[in-house]
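Here is the structure we will look at.
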Amino acid sequence: MPSPQQQTRTWLTDFVIKLNLCPFASKVLDEDSVRIAVCSSANQQEMVQQVLAELDLLVQSDEKNLSTSLLVFDQALADFYDYLDFADWAHDLLLEAGLEGVVQIATFHPQYLFAGVAEDDVSHYSNRSPYPMLHFIREQQLTEAIAFHPDPEGIPDVNIKHLQSLGLAKVLSLLHKTTQ
């Protein structure tokens, strides 16, 4: 079975990029400036340490070498609501580290659910991933990328319409292929 890093990279290329769910992902993947780190601990303290280490590595690295980081949790946070609590905690750590406005965190999970949306709605798959993960994004780079996009606010709606046009069965098939 492929490693969590390999599965995550396949998910990025064969799902996120192939479906154009993030119009900015292809560039950083092509530039090889995406880090995929794996936290294989279920110990809360070790998970927090890994979050802090990723934040530190991202802000200490040259953005040309490391523009974004995905922290994959392959042994923890399987419950979506536990994951959301941890993601909130990670955001609090980001604030305590003085990184508000420098780094933001995007969330992805195998059971991702948007609040107020039916559980079987295909829109959830825009944020579903092979593993629970936190995506650390440099805000300056995101601001620069968004400046060249014709409708950055419309990206979520475009994604939802695209996923709906494919249908749940096709989306599930594509996502399943990324975890093989």
Conditions (1) buried (at least 19 other Cβ atoms within 10 Å of the Cβ); (2) over 23 Å from Ala42 (Cα atoms); (3) modelled with pLDDT of 95 or more; (4) out of contact with any Asp or Glu (no Cβ under 7 Å at 6 or more places or on another chain): number failed by Pro132: (2)
Residue selected from region 54-65 under the condition part of a loop (DSSP other than H, G, I, E, B) and not hydroxyl-bearing (Ser, Thr, Tyr), by the criterion farthest from Lys27 (Cα to Cα): Asp62
Region 171-180, residues that are touching a helix residue (DSSP H, G or I) at 6+ places or on another chain (Cβ under 9 Å) and at pLDDT 85 or above: Val171, Leu172, Leu174, Leu175
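Of everything in region 1-43 that's part of a helix (DSSP H, G or I) and polar (S, T, N, Q), which residue is farthest from Lys170 (Cα to Cα)? Let's see the steps before the verdict.
Just the residues of region 1-43 that are part of a helix (DSSP H, G or I), to begin with: 4-17, 25-30.
Checking which are polar (S, T, N, Q) leaves us with 5-8, 10, 13, 26.
Numbers: Gln5: 24, Gln6: 22, Gln7: 19, Thr8: 19, Thr10: 17, Thr13: 17, Ser26: 22 Å.
Filtering first and then ranking leaves Gln5.
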Test: residue in region 34-56 that is open to solvent by less than 50 Å² (accessible area, probe 1.4 Å) and more than 27 Å from Asp79 (Cα to Cα): no
In region 153-177, residue surrounded by the fewest Cβ atoms within 10 Å (Cβ to Cβ) [restricted to those that are of a type outside the set (D, E, K, R) and under 18 Å from Thr107 (Cα atoms)]: Pro156
Where a residue in region 112-138 is under 20 Å from Cys39 (Cβ atoms) and part of a strand (DSSP E or B) and its partner, wherever it lies, is among the acidic types (Asp, Glu) and modelled with pLDDT of 95 or more, with Cβ under 6 Å and at least six apart: Phe136/Glu54
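So which residues in region 66-90 are farther than 25 Å from Glu119 by Cα and part of a helix (DSSP H, G or I), if there are any at all?
Of the residues in region 66-90, the ones farther than 25 Å from Glu119 by Cα are 66-71, 90.
Within region 66-90, Ala90 is the sole residue that qualifies.
The values are calculated or read from the model by the stated rules, or taken from the named source; none is laboratory data. Not measured: the values here are computed from a predicted model. When we count neighbours, we look across all protein chains shown, and the Cβ atoms used for this are built from the backbone with ideal geometry, even at glycine. The area values use the complete protein model at the heavy-atom level, side chains included, leaving out ligands, DNA and RNA. Shrake-Rupley method; radii C 1.70, N 1.55, O 1.52, S 1.80 Å.
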